[in-house]
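We did not get these values from a lab; they are worked out from the coordinates using the rules stated. Keep in mind that this is a model prediction, so the values were computed, not measured. Using ideal geometry, Cβ is built from the backbone for each residue, glycine included, and neighbour counts are taken over all protein chains shown.
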């Protein structure tokens, strides 16, 4: 399985606009948003704004960086296969 990311700007209605679309083998599986300074201690972390299929968690996690987000997404996809 190949994960690829595409940088985009998402209209979240807040300062959190820096985002990444996450594709698995060409299918959109997640939208990650980088948290802005308005989130204090969580600023700079990545939030799962939207997940599709097995990436739709009950409680979306926060990730310290994109590597951690990619690893979590991959684990979710592999577990669902």
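Got the relative contact order for region 3-80 handy, in percent, Cα pairs under 8 Å and 6 or more residues apart? Let's see the in-between values first.
Working: 134 pairs, mean separation 15.6, N = 78.
This gives 20 percent for region 3-80.
Going by alpha carbons, how many degrees (0 to 90, nearest 10) lie between the helix axis of 66-80 and the longest principal axis of the chain?
In the chain, helix 66-80 runs at an angle near 30 degrees to the longest axis.
Between residue 43 and residue 5, how high is the FRET efficiency from 1/(1 + (r/R0)^6) when r is the Cβ-Cβ distance and R₀ = 22 Å? Nearest 0.05.
That pair, residue 43 with residue 5, gives E of 0.60.
Going 7 Å from the Cα of residue 71 along its beta-carbon direction, which residues of region 12-52 have the amide nitrogen within less than 20 Å of the resulting point?
Answer for this model: 20, 22-24, 30-35, 42-49.
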